[in-house]
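Asks: The following block contains the structure, expressed as structure tokens.
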Amino acid sequence: MVLALLIILAVLVFRSADRQSPDTLPLITRPLAGFSAPFVFGRFKVPANNPLTEETVELGRRLFYDVRLSGNNQISCASCHIQRLGFSDGKTTAEGISGKPLAFNSMSLANLLWGAEHFFWDGRADSLEQQALMPIQNVDEMGQNLEALVLELQADDQYPRLFNAAYGRISTVNIAKALASFERTLVSANSKYDQYLRGEVVLSKQEELGRKLFVAHPDVKTSLRGGNCIDCHSQFLTSGFKPLYDGFSNNGLDGEKALSPGLQAVTKDPAHRGFFKVPSLRNIAVTAPYMHDGRFASLEAVLDHYNEGIQMSPTLSPLIMEANNMERGHATQINLNLAAQEKAAIIAFLQTLTDPQFLNEEKFSNPFLARQTRSKLTAPDSKIPDSTIPEFTTPGSIE
Amino acid sequence: MINISGQGKLFITAVSFLLLLSLMVTGCAPQKSSKTQSLNLTFKAVVGSQALVFNRTHYANPGGDGQFKVRDFQFILSNIKLRSDTGVYRQPDSYHIARFDNAGTSFTLVLDNIPVGNYRDIDFSIGVDPEANSSRRSVGDLDPNSRMAWSWDVGYKFILFEGGLNRHDVLSPLVYHVGFSENYRALRFPLSNITANNKNSEKPLTRLVFRVDLMRLFKGVNTIDMGALPSVKFDKDDAKLIADNFQGMITLCQRGAC
């Protein structure tokens, strides 16, 4: 028995040694140190074929800020995703290499590991990896040819080493993976709201009223007043919901005639007409203008829209249609009927979602401008447990 | 994730082998005596005698005028238990969001690695037990950031039904979000008829099919006029009306009939 085991052991040792041929030297990467998130964000999943490592994140950050990703070497991802603006750009709709105004407002970036697993306002990308290459190639956005980009990066004095360390070689797939890796580290979890959730601070009276309204669907029957936000924006993440296309909605911006396809362009389902991605509201106070087409300049305008500006269409969310803080009676006009001070309170609550640490975090900043002291990504001071709950279910027990 | 150089790999292989060996010696191998199987549970959604088709307005309002459409329907199915002659199998972290917006308008879940046994009944619940309903932790499909969550001080929606009612060509919204711990309903389905039919007793039960009838939300113990009660959210009496109905919305199909 022991002899047999020793033979098996020897075979295993021999095989593992044999597998190491000089052509396929294994990557020596370090798992990203100290990566964590509040447990109230829930589970997250990093693709098995693109683990978060120090090397992939460092490379991704560099690519994110590198203008060579565009055809004219003038525009980087960060041109439209500016850190101090919550990685949005302050413009109504984005502007790229061609100078033509694009169809959509630049989305803010935060907590991309959670919420809907479809990216862009119309959900046309199913992963961050897939998303990353689309603006690079779009002639009006970054207008870059991917093969040309690979050649350009190969000629650089840094990238061959960085790609080698992170993925083994320079390729379009690995460019996408690195960008996705960096984006996954953009965790915003130290706003006043987060501090409140951790029990470190109290909200002001106005902010607390706003929070209560945010998380309530109004119910006249039980005298519950609500801003109806939570029907689309989850309570802790403030993003749309994760499964399938639950994180997309028609929020009544346009009536039937003017209603654009939105998600329908992707799913071909007429029930999805006018659906757009429900964005995370993290850092919302610094990401104006608002909506997929940037039509609202201020949060006041957004609240006015939800309160009294809803346009009826066949795919309008029934939750929006139905929500009212007053008895509807026979009125057909959709109206949330919030008081002015309630709208102001919701805005005060939304301002607690601003995370100055995130907006100034050095490890998310432009590495080409960074200080000498920055050489590696450092771990956050406090580690919050419960961030990596396994995806699988363990077998049960019999009593 | 972490790749290790040749020598390290050798060492780790040796260590893990020894670890495995020690586990075997200390007798952590219960699989030998108890065989396991899997059991497939399929839930098929219908609306009364009609198929469920989302976003089509063609189901009669059971308590009044007009026809309704279903835009979204999901519910939480939890705490699955199987009782056999020898004991009770409880699925761990047993919280599932059942949804039917797929080609077969059905929801399937598989119980893996359950002990082979002569099961007498299957139990599960609609909703979330009070303990989990007051927690912010993600367990099973429960997620405080999901569509099935209200704010954390209220808990989960056990059933979510959203749609519209068409009366005289006027479409009005329907919103039935029913939760609250008192509306948690445990159900039991005897399997004796199915297992008695199973001539070959060596062959374990591998599949159970249930019918989920959405019409029963509004036509059961209580008949509901959707025009008079177009939404149910936080009013406790209204929520109970629907809960008393949803208690009877699931039936077990036997010999091809449900």
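Asks: Taking each residue of B:62-74 in turn, how many C-beta atoms of other protein chains fall within 10 Å of its C-beta, and what is the average? Write out the running numbers ahead of the final one.
Replies: Numbers: counts 0, 0, 0, 0, 0, 0, 0, 1, 0, 5, 5, 0, 2.
Mean partner-chain Cβ count within 10 Å for B:62-74: 1.
Asks: Turning to a different aspect of this structure: Going by Cα centres, region B:120-136 and region B:82-112 are how many Å apart?
Replies: Each part reduced to its Cα centre gives a spacing of 12 Å.
Asks: I need the peptides B:102-114, A:204-216, B:179-191 ranked by packing, meaning the mean over residues of other C-beta atoms within 10 angstrom, with the highest value on top.
Replies: Working: B:102-114: 15.2, A:204-216: 20.0, B:179-191: 17.1.
Ranking, from highest mean packing down: A:204-216, B:179-191, B:102-114.
Asks: Taking θ = phi - 60°, what integer Hz values does the Karplus form 6.51 cos²θ - 1.76 cosθ + 1.60 yield along region B:158-172, in sequence order, with x for Gly and Pro?
Replies: 7, 10, 10, 10, 10, x, x, 10, 9, 10, 6, 6, 10, 8, 10
Asks: May I pose another question? Would you list B:ARG207, A:ARG273 from fewest to most Cβ contacts within 10 Å?
Replies: Working: B:ARG207 12, A:ARG273 19.
Ascending Cβ contact count within 10 Å gives the list B:ARG207, A:ARG273.
Asks: May I ask you to derive the relative contact order of region A:192-351, considering only C-alpha pairs under 8 Å and at least 6 residues apart, and to give it as an integer percent?
Replies: Working: 263 pairs, mean separation 43.9, N = 160.
In percent, rounded to a whole number, it is 27.
Asks: In addition: Per the helix-only calculation at 222 nm, which mean residue ellipticity applies to chain A, given -39500 (n - 2.57) for every DSSP H run of n ≥ 4 and division by its residues, nearest 500 deg cm²/dmol?
Replies: On the way: 14 runs with 124 residues, N = 399.
Calculated mean residue ellipticity at 222 nm is -8500 deg cm²/dmol.
Asks: For region A:241-255, take each phi angle, set θ = phi - 60°, evaluate the Karplus expression 6.51 cos²θ - 1.76 cosθ + 1.60, and give the result in whole Hz per residue in order, putting x for glycine and proline.
Replies: The phi angles translate into 7, 7, x, 6, 10, 5, x, 10, 7, 9, 9, x, 6, 10, x Hz.
Asks: Here is a further query. Compute the relative contact order of region A:27-148 as a whole-number percentage, counting only Cα pairs closer than 8 Å that sit 6 or more residues apart in sequence. Each step should come with its number before you reach the end.
Replies: Numbers: 162 pairs, mean separation 24.4, N = 122.
Dividing the mean separation by the residue count of region A:27-148 yields 20 percent.
Asks: Moving on to the next point. Under a 5 Å amide H to amide H cut-off, with H placed in plane at 1.01 Å, what residues pair with A:LEU224 once short-range neighbours are removed?
Replies: Amide H neighbours of A:LEU224, under 5 Å, 5+ apart: A:ASP219.
Asks: Now for a different question. Starting from the exponent 0.38 and prefactor 2.2 Å, build the expected Rg for region A:192-351 from its residue count and divide its actual Cα Rg by it. Mind dumping the intermediate values first?
Replies: Values: Rg = 15.7 Å, N = 160, 2.2 N^0.38 = 15.1 Å.
Expressed relative to 2.2 N^0.38 Å, the Cα Rg reads 1.04.
Asks: What are the extents of the Cα atoms of region A:214-284 along their three principal axes, listed from largest to smallest and rounded to whole Å?
Replies: 39, 26, 22
Asks: Just want the ordering: B:ASP225, B:ASP237, from fewest to most Cβ atoms lying within 10 Å of their own Cβ. Mind dumping the intermediate values first?
Replies: On the way: B:ASP225 15, B:ASP237 8.
The order, fewest Cβ neighbours first, is B:ASP237, B:ASP225.
Asks: Cα centroid distance between region A:23-77 and region A:149-197, in Å?
Replies: Result: 3 Å between the Cα centres.
Asks: Let me ask something else. List A:HIS81, A:HIS305, B:HIS58 from most exposed to least, where exposure is judged by having the fewest other Cβ atoms within 10 Å. Please list the in-between numbers first.
Replies: Values: A:HIS81 22, A:HIS305 18, B:HIS58 11.
By the 10 Å Cβ count, ascending, the order reads B:HIS58, A:HIS305, A:HIS81.
Asks: Output needed: percent of Cα pairs per 5 Å distance bin for region B:32-252, bins running from 0 to the one holding the longest distance.
Replies: With 5 Å bins starting at 0, P(r) equals 1, 7, 14, 18, 17, 15, 12, 8, 5, 2, 1, 0, 0, 0.
Asks: On each of the three principal axes of the Cα atoms of region A:271-337, give max minus min coordinate, whole Å, ordered largest first.
Replies: Extents along the principal axes, in whole Å: 39, 28, 18.
Asks: Still on this structure: For chain A, compute Rg over Rh where Rg is the Cα radius of gyration and Rh is the Kirkwood radius from the inverse mean 1/r over Cα pairs. Please list the in-between numbers first.
Replies: Working: Rg = 24.1 Å, Rh = 23.3 Å.
Value, to two decimals: 1.03.
Asks: Just counting partner chain Cβ atoms within 10 Å, what average do the residues of peptide A:237-245 show around their Cβ? Please report the intermediate quantities before stating the final value.
Replies: Details: counts 3, 1, 1, 2, 6, 4, 8, 3, 1.
Taking all residues of A:237-245 together, the mean is 3.
Asks: Measure of size requested: the Rg and Dmax of region B:73-153, with Cα atoms as the atom set and Å as the unit; please supply both.
Replies: Final numbers for Rg and Dmax: 14.3, 42 Å.
Asks: Ok, one more. Take every DSSP beta bridge whose two residues both sit in the protein assembly as shown, then give the antiparallel share in percent to the nearest 5. Don't skip to the end; give the middle numbers.
Replies: Working: 66 of 76 bridges.
Here the share of antiparallel DSSP bridges comes out near 85 percent.
Asks: Something else: When you look at the Cβ of every residue in A:110-122, what mean number of other chain Cβ atoms sits within 10 Å?
Replies: Values: counts 0, 0, 0, 0, 2, 1, 0, 0, 0, 0, 0, 0, 0.
For this peptide, the per-residue mean of nearby foreign Cβ atoms is 0.
Asks: In the structure shown, do any of A:LYS45/B:LYS44; A:LYS277/B:LYS240; A:LYS45/B:LYS69; A:LYS257/A:LYS277; A:LYS221/B:LYS240 have a Cα-Cα gap over 26 Å, and if so which? Walk me through the numbers on the way to the answer.
Replies: Working: A:LYS45/B:LYS44 30 Å; A:LYS277/B:LYS240 34 Å; A:LYS45/B:LYS69 35 Å; A:LYS257/A:LYS277 20 Å; A:LYS221/B:LYS240 15 Å.
Among A:LYS45/B:LYS44; A:LYS277/B:LYS240; A:LYS45/B:LYS69; A:LYS257/A:LYS277; A:LYS221/B:LYS240, the Cα-Cα distance tops 26 Å for A:LYS45/B:LYS44; A:LYS277/B:LYS240; A:LYS45/B:LYS69.
Asks: Additional query: Would you be so kind as to identify which of A:HIS272, A:PHE236, A:LEU299 lies farthest towards the positive end of the dipole of region A:186-319, taking Lys and Arg as +1 and Asp and Glu as -1 on Cβ and the Cα centre as origin?
Replies: Positive-end residue among those listed: A:PHE236.
Asks: Take every Cα pair under 8 Å in chain A that's 6+ residues apart, average their separations, divide by the length, and report that relative contact order as a whole percent. Kindly include the intermediate steps, with their values, before the conclusion.
Replies: Working: 709 pairs, mean separation 85.7, N = 399.
Once divided by the residue count of chain A, the mean separation gives 21 percent.
Asks: Of all alpha-carbon pairs in region A:146-263, indicate the percentage at a distance above 26 angstrom. Show your work: numbers first, answer last.
Replies: Numbers: 3695 of 6903 pairs.
Of all Cα-Cα distances in region A:146-263, 54 percent exceed 26 Å.
Taken together, the values in this text are just the output of simple stated rules run on the coordinates, not laboratory data. Just so you know, these numbers come straight off a predicted model, no measurement behind them. All Cβ positions, glycine included, derive from the backbone under ideal geometry; neighbour counts span all protein chains shown.
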